[in-house]
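The values are calculated or read from the model by the stated rules, or taken from the named source; none is laboratory data. Quantities reported herein were computed from a predicted structural model and do not represent experimental measurements. Please note: Cβ atoms are built from the backbone with ideal geometry, for glycine as well, and neighbour counts cover all protein chains shown.
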Amino acid sequence: MTVPEDVDRIAAASNTGPLLSAFQCAGVELLKRYMVRIYVAPAQLAEFEKHGAGDDFQALVAEDFVVIASGLNEAETGQAQILASRIAAQPTSGDPDPSSHLPEAEMLVIAMRPELRCRIVLLDEKAARAVAEEIGLRVTGFPGVLARAGLDGLLTKNDIHQMLKLCQQQGTRYSNALIEYVAETYGR
């Protein structure tokens, strides 16, 4: 897919989930259509390997489309620990252990680095999304990327439905209601 000149591609920070979804349904080209670069936290690398997406992830790093941000400094580490505690305390969190949420929290801290100019955070998990919004970050998930592609006339209702169903079949926790809503509302 060639990116048209009139598309305003932005820098983003991403959690593991949205990138895994893109790998699951061959949606990486849609990310490239809308993002100029995606930053991830070093703590997320093990998650890509754990989910069997290490090679796909490393290919995007080699292209310089995905950038593994530098590690956090002492102040940022403290900030990430606070954010991880806030994520763990969210009513929608399935895990009350803050250490389980450190990769998402570190990604949020990286997204706030002014020099990276991240205009959006790709994040699917509800508890982490809530905290990201509380701290003023603009958030979307992989379904949001598909919705944008639908609005731009690139994907039909059926395309969106099939892509999200494929992700769901491979373990991504997209509800049937979410899949139907995104496909019906944004697909053409």
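Kindly check whether there is at least one residue in the stretch 74-82 that is modelled with pLDDT of 95 or more, over 17 Å from the mean Cα position of the chain (by Cα), assigned to a helix (DSSP H, G or I) and under 17 Å from residue 16 (Cα atoms).
Within the stretch 74-82, one or more residues are modelled with pLDDT of 95 or more, over 17 Å from the mean Cα position of the chain (by Cα), assigned to a helix (DSSP H, G or I) and under 17 Å from residue 16 (Cα atoms).
Please work out which one of (1) without any contact (Cβ under 8 Å) to a residue 24 or more places away in the chain; (2) surrounded by 21 or more Cβ atoms within 10 Å (Cβ to Cβ) is the condition residue 175 fails and give its number.
The failed condition is (2).
For the stretch 139-172: of the residues being within 17 Å of residue 33 (Cβ to Cβ) and charged (D, E, K, R), which is surrounded by the most Cβ atoms within 10 Å (Cβ to Cβ)?
Only one residue fits best here, namely 159.
Out of all the residues in the stretch 55-69, which are among the small types (Gly, Ala, Ser) and either touching a residue at least 24 places away in the same chain (Cβ under 8 Å) or surrounded by 15 or more Cβ atoms within 10 Å (Cβ to Cβ) (or both)?
Result: 69, single match.
For the stretch 42-64, what are the residues that are more than 26 Å from residue 158 (Cβ to Cβ), of a type in the set (A, V, I, L, M) and at pLDDT below 95?
Result: 43, 45, 46.
Using the structure shown, decide if residue 144 is in a helix (DSSP H, G or I), closer than 15 Å to residue 31 by Cα, modelled with pLDDT of 95 or more and out of contact with any helix residue (DSSP H, G or I) (no Cβ under 7 Å at 6 or more places or on another chain).
Yes: the conditions hold for residue 144.
For the stretch 149-188, give me the residue count where each residue is under 17 Å from residue 31 (Cα atoms) and among the acidic types (Asp, Glu).
2
Of the residues that sit in the stretch 20-54 and are assigned to a loop (DSSP other than H, G, I, E, B) and not small (Gly, Ala, Ser), which one is surrounded by the most Cβ atoms within 10 Å (Cβ to Cβ)?
Once the filter is applied, the top-ranked residue is 25.
Just one of the numbered conditions (1) loosely packed, with under 14 Cβ neighbours inside 10 Å; (2) basic (Lys, Arg); (3) closer than 15 Å to residue 16 by Cα is not true of residue 126; which one?
Residue 126 satisfies all of (1) loosely packed, with under 14 Cβ neighbours inside 10 Å; (2) basic (Lys, Arg); (3) closer than 15 Å to residue 16 by Cα except (1).
What tally of residues in the stretch 83-123 results from selecting those that are in contact with a strand residue (DSSP E or B) (Cβ under 9 Å, 6 or more places away or on another chain) and assigned to a loop (DSSP other than H, G, I, E, B)?
Residues that pass the stated criteria total 4.
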